[in-house]
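Below: one structure, written as structure tokens.
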Amino acid sequence: MIDPHHVLPPEDMSNEAIVRRLTEQANVRIQNGQLKKKKLVWLELTGCSGNIISLMNGFNPNLEYMLTLMVDLVYSNSLMAAEGEEAIERLMSVLDEEFILAVEGAVATKNNGLYNVIGRWRGKPFTALQAAKMLGEKASHVIAVGACAVDGGPSAAKPNLAECVGLSDIVKRPMIKLPGCPCHPDWFLGTLAHLLMNGVPELDNMDRPLLFYSTLIHDRCPRRPFFDKGIFAKTLGEPTCLFKLGCRGPVTRVDCPTRKWDGYVNWPIGASTCIGCSQFGFPDKMGPFISYDITRE
Amino acid sequence: MNENELELVRRQIQLTFDEIQYLIRMLYSTKDYHTKNLTLNQLWNKVSLLHFLTNMLDQQQISSTVTPTLPQPSQPAPPSHMNQTTPQTVPQNLPTITREQLANATGRNGNPAYVAVGGIVYDVTNNKAWSAASHFGLPAGKDLTAEFASCHAGQQWILSTLKPVGRLV
Amino acid sequence: MKKRVVINPLTRISGFMEIDVMLEQNKIIEVKTTGSIFRGFEQMMVGRSPFDAIYLTQRICGICSTAHSVASSLALEDALGVQVTALGRYLRDALHCCEFLQNHIRHTYQYTIPDYVKLPDVSSIFKVDHGDFRLPQKVNEQLANHYFESLRMSRLAHQMLAVIGGKAPHNHGVFVGGISTPPNADQIVRMKSILQTITAFIEEKMVPDVYLIAKYYDDYFHMGKGPGNLMSYGAFDRYKDLGTLYVDPLV
Ligand code: HEM
Ligand code: SF4
């Protein structure tokens, strides 16, 4: 078997190939019984439920593959057939077992969490805050998926009326953080595959897997030669560097330029500025996203 | 720098002037929007180069050691010898910049983007981390000494990658 | 005897909702629905750079993000007095249509079908303890297969969006005046090719599937009818050359 960490050309080194190798390996081990399908709980908390939509956009591996071959998904507000009490019972039943917890969305803390009720349990509202605490403490691994779960993200944008915070402010324990708005399906599925096969991937000082979050967008950007020559776009749609318009590529570390999105066809800077959605402090600290009263050159 | 090198710099300056004149003539003769833009950008590059070269000469007159301008490190981990907390050597003959002037250098509407840290005003107009003249929610045109200290403690090297343009008074 | 039924979470929607029903002699006498999430996006816009609204409002909802960017850009055009060219409108609406396709396919299969179709026992999320399943086994099997096939289709719809929108959800393409970067021939033909695959799926599978379910559940047409007051702001409407392709604004 190929060790995914030590693959050299002429093996295919594309992003797709790397993710495929990782997942294929996991699959082999599941089939020969080395691995048992772990349970996965996907909690949607205070956010747009867009990370699960993004997960459905995964090409290789895709959602079907994850559902059938990687993990046993027990709870997902967007996908599960059960509803109401039955759904919440399912959620509670995993507490006695080993499970991986993936959380998208921030945690609304105002009024004891009542700004986001995710269900009803024993006749009482079950808040995002309660869910985060309860499941976060019991899970074998916790993955914070998307900007909101990592540090509050858009849900915590000023003036933050719901008093949203990131998951790590509520659940004090080691966790893997996958910022991005939304999180790229490969970032999640690649991390999950790594977790299943080789344990927690190597993380940077902000708990992000180095596998995906290590290189500045700006250092891999196809518009970079224009930056170096000082040729800047004055409006969107010009093919030159978007720096003057507010591009946050120079402060954002993630592999968008080489990975690309939605079946690897395009990426934000292919259309407009990078808004730093994978950098902490998004969106407040990444504004203005697009600005026309620009500096002199 | 020895005499030879000095001569080289002077020749370079002369050459740049010639190029600038050429570019200006070019600007007059073209009507195409994109060529114009391109020429303007090149002009700006040349002016930066001039700025750099004249600065180099200035420094030469003050002290005979020249601190080489380092390429901006893009990895967050700086080499340890750059991690010192003593202030970097900044040119002595910087012009003074008032708080009012600083407040105008917001980087908006064609103004340059300046920020002050520890009494020195730096030009961040074309610094990669300051797109749209803002950096992690901080606008240019301000004294950001406290913010720098809280966000970049122990990363004094960052300042040495910036271009000092004046002393805040 | 009154009886109260509360359903929360109402799963298979994008967001959070509670349904609170009061029954008397098997007749519904009162219903309350509650959206149980509040973030306050209106207040977030205050004091922000206006163009940021196009990208930030998308974060309201993951499945319909493009709609919010379109709405924001329309509002900004109104405020700035920008006249959009016909081409700008077509391009932006084409992008919006991709979101519609994605949304409708996922709504039909991922959000609705599990109420009528028993899904295979491959994952715990497909388990239900009760339900009103009436489809014969063969039909059920066919629709369950389409459930998985549809995942590919909705994915392609988002891919089509990303070709000019940069990424999806939360695109970077919609902007004041139309879209941010004009597409080239390569991108247009790529979108057209994807569209062909999706169209075939919708015409050959999705639409017939909906009719099939309707046949087995025809009594549902007479249950829970609302007052019938509907309102539309219009979409893909009143083009200069093509007229209205979808709906005009009406009440
Ligand atoms: C709110 C306070 C601040 C925060 C949170 C912050 C955060 C950051 C971060 C995270 C980076 C690294 C980006 C990366 O390469 O991954 C960075 C780089 C940088 N920061 Fe700040 N910063 C702050 C204040 C300042 C101030 C006041 C200055 C003014 C001089 C400044 C100047 C820079 C520069 C020049 C870089 C680029 C360094 C390089 O060349 O790699 N920062 N900042
Ligand atoms: S477009 Fe953005 S990321 Fe690309 S070179 Fe310019 S500033 Fe850097």
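The values are calculated or read from the model by the stated rules, or taken from the named source; none is laboratory data. For clarity, every value in this text was computed on a predicted model and none was experimentally measured. Cβ: placed from backbone, ideal geometry, glycine included. Neighbour counts: every protein chain shown. All accessible areas refer to the heavy atoms of the entire protein, side chains included, with ligands and DNA or RNA removed. Shrake-Rupley method; radii C 1.70, N 1.55, O 1.52, S 1.80 Å.
Points to keep in mind about this one:
- Criterion (under 21 Å from the mean Cα position of the chain (by Cα) and not assigned by TED's automatic domain parsing to the domain that holds residue C:95) met by exactly one of C:236, C:201: C:236
- Residue count, the range A:142-185 (criterion: under 23 Å from residue A:258 (Cα atoms) and either assigned by TED's automatic domain parsing to the domain that holds residue A:284 or more than 9 Å from the chain's Cα centre (by Cα) (or both)): 1
- A count restricted to the range C:13-44 and to residues that are crowded, with 17+ Cβ neighbours inside 10 Å, touching an Asp or Glu at 6+ places or on another chain (Cβ under 7 Å) and part of a strand (DSSP E or B) stands at 0.
- Total residues in the range B:127-156 satisfying the condition of being on the phi > 0 side of the Ramachandran plot, among the hydrophobic types (A, V, I, L, M, F, W, C) and open to solvent by 40 Å² or more (accessible area, probe 1.4 Å): the figure is 1.
- Test for residue B:154: is it of a type in the set (Gly, Ala, Ser) and closer than 25 Å to residue A:217 by Cα: yes
- Meets criteria (surrounded by 24 or more Cβ atoms within 10 Å (Cβ to Cβ), in a loop (DSSP other than H, G, I, E, B), within 12 Å of chain C (Cβ to nearest Cβ) and within 10 Å of ligand 2 (Cβ to nearest atom)) for residue A:274: yes
Each row is one residue, and each column tells you yes or no for (1) touching a Cys at 6+ places or on another chain (Cβ under 9 Å); (2) without any contact (Cβ under 8 Å) to a residue 60 or more places away in the chain; (3) in a loop (DSSP other than H, G, I, E, B).
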{"residue": "A:36", "(1), (2), (3)": "no, yes, yes"}
{"residue": "A:52", "(1), (2), (3)": "no, yes, no"}
{"residue": "A:55", "(1), (2), (3)": "yes, no, no"}
{"residue": "A:60", "(1), (2), (3)": "no, yes, yes"}
{"residue": "A:67", "(1), (2), (3)": "no, yes, no"}
{"residue": "A:74", "(1), (2), (3)": "no, yes, no"}
{"residue": "A:89", "(1), (2), (3)": "no, yes, no"}
{"residue": "A:102", "(1), (2), (3)": "no, no, no"}
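- Count of residues meeting criterion [of a type in the set (Gly, Ala, Ser), surrounded by 22 or more Cβ atoms within 10 Å (Cβ to Cβ) and more than 9 Å from every other protein chain (Cβ to nearest Cβ)] in the range A:71-104: 1
- Residue check for residue A:232: within 16 Å of ligand 1 (Cβ to nearest atom), within 9 Å of another protein chain (Cβ to nearest Cβ) and over 24 Å from the mean Cα position of the chain (by Cα): no
- For the range C:216-251, the candidate set comprises residues that are within 30 Å of residue C:139 (Cβ to Cβ), without any contact (Cβ under 8 Å) to a residue 12 or more places away in the chain and in a loop (DSSP other than H, G, I, E, B); within that set, the residue that is least open to solvent (accessible area, probe 1.4 Å) is C:226.
- If you go through the range C:96-111 and keep only what is more than 11 Å from chain A (Cβ to nearest Cβ) and either more than 30 Å from residue C:180 (Cα to Cα) or of a type in the set (S, T, N, Q) (or both), you end up with just C:108.
- Exactly one residue among B:126, B:109 is closer than 23 Å to residue A:219 by Cβ, more than 10 Å from ligand 1 (Cβ to nearest atom) and within 14 Å of chain A (Cβ to nearest Cβ), and that residue is B:126.
- Applying the criterion of being more than 20 Å from residue A:288 (Cα to Cα) and free of Cβ contacts under 8 Å to residues at least 40 places away in the same chain to the residues of the range A:223-244, the residue that is nearest to ligand 2 (Cβ to nearest atom) is A:224.
- Residues in the range A:246-271 that are more than 16 Å from ligand 1 (Cβ to nearest atom) and facing another protein chain (nearest Cβ under 7 Å): A:261, A:262, A:263, A:265, A:266, A:267, A:268, A:270, A:271.
- Remark: pairs (first residue in the range A:150-162, at the interface with another protein chain (Cβ under 7 Å from one of its Cβ atoms) and closer than 18 Å to residue A:112 by Cβ; second residue assigned to a helix (DSSP H, G or I) and charged (D, E, K, R); Cβ separation under 6 Å; 6+ apart in sequence or on different chains) = A:162/A:110.
- Candidate set from the range A:280-297 (those that are away from chain C (no Cβ under 12 Å) and open to solvent by less than 20 Å² (accessible area, probe 1.4 Å)); member that is nearest to residue C:56 (Cα to Cα): A:281
- Taking the range A:105-120 as the range and being assigned to a strand (DSSP E or B) and free of Cβ contacts under 8 Å to residues at least 40 places away in the same chain as the test, the residues that pass are A:117, A:119, A:120.
- Complete set of residues in the range C:123-157 that are farther than 30 Å from residue C:194 by Cβ, more than 8 Å from chain A (Cβ to nearest Cβ) and of a type in the set (A, V, I, L, M, F, W, C): C:133, C:135
- Counting only helices (runs of 4 or more DSSP H) wholly contained in the range A:156-265, the ones carrying 3 or more residues that are open to solvent by 20 Å² or more (accessible area, probe 1.4 Å) occupy A:224-229.
- Restricting the range C:165-179 to residues that are more than 7 Å from every other protein chain (Cβ to nearest Cβ) and open to solvent by 10 Å² or more (accessible area, probe 1.4 Å), the residue that is nearest to residue A:51 (Cα to Cα): C:179
- Checked against (1) over 30 Å from residue A:68 (Cα atoms); (2) modelled with pLDDT of 95 or more, residue A:239 meets all criteria but (2).
- Answer from B:144, B:159, B:94, B:168 - the residue that is closer than 22 Å to residue A:289 by Cβ and either away from ligand 2 (no atom under 16 Å from the Cβ) or within 14 Å of chain A (Cβ to nearest Cβ) (or both): B:144
- Residue list for the range B:129-153, restricted to those being over 12 Å from residue A:251 (Cβ atoms) and assigned to a loop (DSSP other than H, G, I, E, B): B:140, B:141, B:144, B:152, B:153
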